[in-house]
1. Could you tell me which of the residues Val39, Val77, Val13 is modelled with pLDDT of 90 or more and β-branched (Val, Ile, Thr)?
2. Which ones in the range 147-170 are surrounded by 15 or more Cβ atoms within 10 Å (Cβ to Cβ) and within 22 Å of Met108 (Cα to Cα)?
3. Suppose we filter Arg52, Arg36 for residues that are over 16 Å from the mean Cα position of the chain (by Cα), over 29 Å from Gly125 (Cα atoms) and not hydrophobic (A, V, I, L, M, F, W, C); which single one remains?
4. Name the single residue, out of those in the range 27-76 being touching a helix residue (DSSP H, G or I) at 6+ places or on another chain (Cβ under 8 Å) and aromatic (Phe, Trp, Tyr), that is surrounded by the most Cβ atoms within 10 Å (Cβ to Cβ).
5. Can you pull out every residue in the range 121-144 that is small (Gly, Ala, Ser), under 16 Å from His85 (Cα atoms) and either more than 13 Å from the chain's Cα centre (by Cα) or surrounded by fewer than 17 Cβ atoms within 10 Å (Cβ to Cβ) (or both)?
6. Inside the range 1-21, can you point out the residues that are out of contact with any helix residue (DSSP H, G or I) (no Cβ under 6 Å at 6 or more places or on another chain), charged (D, E, K, R) and more than 10 Å from Glu70 (Cα to Cα)?
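The values are calculated or read from the model by the stated rules, or taken from the named source; none is laboratory data. Quick caveat: nothing in here was measured; it's all calculated off a predicted structure. Cβ coordinates were reconstructed from backbone atoms using ideal geometry, including for glycine residues, and neighbour counts include every protein chain displayed.
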Amino acid sequence: MAKPERLFGKHVVLRPLTRDDLDLRLKWVNDPEVQRMSVGITTSGNDEYDMRVWFHMVSEDPLSEQWAVELADAQGVYAGDVDLHSIMGGEATISPLFADPRIRPRPMRQDVLETILRYGFEQKGLQTVWAQIPDTDRDTLAVMEQLGFERVEVALLDFIEGVSEVTLRLDRAVFRPD
């Protein structure tokens, strides 16, 4: 089955991430609040070269798809993304980046995650989806658990900051969309 051009949620539209999104993505991945949500701590900044190398690597990976998130009422404007990667043997991993403050409320996060999970289970034939989320991102963890993800491991990510990474697993049979 061919990859669709767009995935439609209730409030968001997912479309393939493009080079045109990279300047705004760079701004967001360097934002301290986004860093705390996505990696648990603030880190040294990325530059344009880092972003282009990352994009080249992931876009050449046949086991990886990067989906840009847009608000349904602001189509064309990059607000974040969700990577569906390590797609193999009926399993994959998702990595969300809730960049724009408009997609950070729990209902918006849930819509992004439900949209990519429906696609993964229904169109990609996945049976299990994994995620690794820092324990500092309580909103994403709460939404994932509401959708049926279960915590399978907690590992110390940064002992100086006291941040742990939570590994979560969702089996297709227990996926609970709204």
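1. That would be Val13, the only listed residue that is modelled with pLDDT of 90 or more and β-branched (Val, Ile, Thr).
2. Hits for the range 147-170 are Leu147, Gly148, Phe149, Val166, Thr167, Leu168, Arg169, Leu170.
3. When all the criteria are applied, what remains is Arg52.
4. So the residue we want is Trp67.
5. Of everything in the range 121-144, just one residue is small (Gly, Ala, Ser), under 16 Å from His85 (Cα atoms) and either more than 13 Å from the chain's Cα centre (by Cα) or surrounded by fewer than 17 Cβ atoms within 10 Å (Cβ to Cβ) (or both), namely Gly125.
6. Lys3, Glu5, Arg6, Arg19, Asp20, Asp21
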